[in-house]
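The values are calculated or read from the model by the stated rules, or taken from the named source; none is laboratory data. From a predicted model like this one, the values you see are computed outputs, not experimental measurements. FYI the Cβ positions are ideal-geometry reconstructions off the backbone, even for glycines, and counts take in every protein chain you see.
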Amino acid sequence: MNNPGRCRQDGFTLIELTVTLLLITIMVGITLPRIGDAIYSTNLKHSVRQLRALITLARSKATLERIPRRVVCDMTQGEIRIEREMRDEGEGQVIFTYEPDTSLMMRAYRLPEGVKMEDVITETGEKETSGTAHLRIAPNGLVTGNFIHLRKGEEQYTLHINPLTGRVTIEEGYREEFKVSGQR
């Protein structure tokens, strides 16, 4: 039943709209920084997973083809690529060189904006902080060099490559191997 003495009101009042917009603004203000942090962090996490996959694939190819590979970490360019060992036998000596592994799955991986290699611990146990560092993968799967440290802002991840199994583990934060002397 319609009440003839009462006006029908459709829509919202200005106060209702203002309160609704204020609530939406507060919710966006709270959630947007968290979404930004998640996206910011995702770039680093994605890079870490990509590198683990690249190293695992390089080790698999080295053992399958019985041709050594090396992981080249170009800290200046922010790029990681895989190279395969080439053997040149001539004039009574063998010369080993490396060339880029250009198979479909082995193209170079460039780190996203803001993600950088902080350092790489190489086969000699040295910590390389600039230039190019190499991790060698033998045909039997042994890997020389152990750690790659990635950073984006305050967030850090460590990729640890087990020399015997080639298993790449990822740890949050900066982890470094401590050398243990063989003295008893």
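Miscellaneous remarks
- Taking the conditions (1) at pLDDT below 90; (2) in contact with an Asp or Glu (Cβ under 7 Å, 6 or more places away or on another chain); (3) assigned to a strand (DSSP E or B); (4) closer than 22 Å to residue 59 by Cα in turn, residue 95 satisfies each one other than (4).
- Condition met for residue 130 (of a type in the set (Ser, Thr, Tyr), modelled with pLDDT under 90 and either over 23 Å from residue 162 (Cβ atoms) or crowded, with 16+ Cβ neighbours inside 10 Å (or both)): no
- Pairs, first without any contact (Cβ under 8 Å) to a residue 60 or more places away in the chain in the range 68-82, second buried (at least 20 other Cβ atoms within 10 Å of the Cβ) and not hydrophobic (A, V, I, L, M, F, W, C), C-beta under 9 Å, six or more apart: 74/81; 75/119; 81/101; 82/69; 82/70; 82/101
- Any chance residue 102 is outside any strand (DSSP E or B), modelled with pLDDT under 85 and surrounded by 12 or more Cβ atoms within 10 Å (Cβ to Cβ): yes
- Condition met for residue 124 (at pLDDT 90 or above and exposed (fewer than 13 other Cβ atoms within 10 Å of the Cβ)): no
- Selection status of residue 56, in contact (Cβ under 8 Å) with a residue 40 or more places away in the chain and part of a loop (DSSP other than H, G, I, E, B): no
- Breaking point among (1) at negative phi; (2) at pLDDT 90 or above; (3) more than 13 Å from the chain's Cα centre (by Cα), for residue 79: (3)
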